[in-house]
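The values are calculated or read from the model by the stated rules, or taken from the named source; none is laboratory data. Given the structure is predicted, the values throughout are model-derived calculations rather than measurements. We place every Cβ from the backbone using ideal geometry, glycine too, and count neighbours over all the protein chains shown. Just the protein is used for accessible areas: all its heavy atoms, side chains included, with ligands, DNA and RNA removed. Shrake-Rupley method; radii C 1.70, N 1.55, O 1.52, S 1.80 Å.
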Amino acid sequence: MNHNIHEIIDLLHSDPAGVSAHFHIPLRPIYAWCSGYRKPPAYILNMMYRIIMLERKIGLYGNTKEGLASGMESDQRGIKEISKTSESKIGKA
């Protein structure tokens with residue numbers, strides 16, 4: 001998965017200062033990434049994306065073990081359904 005800093009900002013519904021505060025990263029590198037002056041390591045962007053998605057799951061399903069297990073299970077079912085649909089469409093092409 002290749003993500004970019006602008007996608008991370010959009011996911012947080014924030015700005016560079018918000019990303020800086022959320023992830024405790026100094027503001028200067030965030031601005032350098034946004035301007036294209038520097039490129040953030042892919043693993044940093046992937047980590048930020050995964051943290052945001054995990055925070056959303058906790059927000060949706062609660063932070064109890066049962067709630068997260070239930071939510072993750074329903075996510076897996078959805079992924080399997082998407083895969084089946086994609087495979088059937090590819091097979092028809």
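Some observations on this one:
- Residues within the stretch 17-31 that are of a type outside the set (Phe, Trp, Tyr) and either farther than 14 Å from Leu45 by Cβ or open to solvent by 60 Å² or more (accessible area, probe 1.4 Å) (or both), tallied: 9
- Test: residue in the stretch 44-53 that is open to solvent by 60 Å² or more (accessible area, probe 1.4 Å), at pLDDT 65 or above and out of contact with any His (no Cβ under 9 Å at 6 or more places or on another chain): yes
- Residues of the stretch 1-13 satisfying the condition of being open to solvent by 30 Å² or more (accessible area, probe 1.4 Å) and part of a helix (DSSP H, G or I): His6, Glu7, Asp10, Leu11, Leu12
- The C-beta contact set for the stretch 39-54 (first residue among the polar types (S, T, N, Q), second residue open to solvent by 50 Å² or more (accessible area, probe 1.4 Å), distance under 7 angstrom, 6+ apart or interchain) comprises Asn46/Met1.
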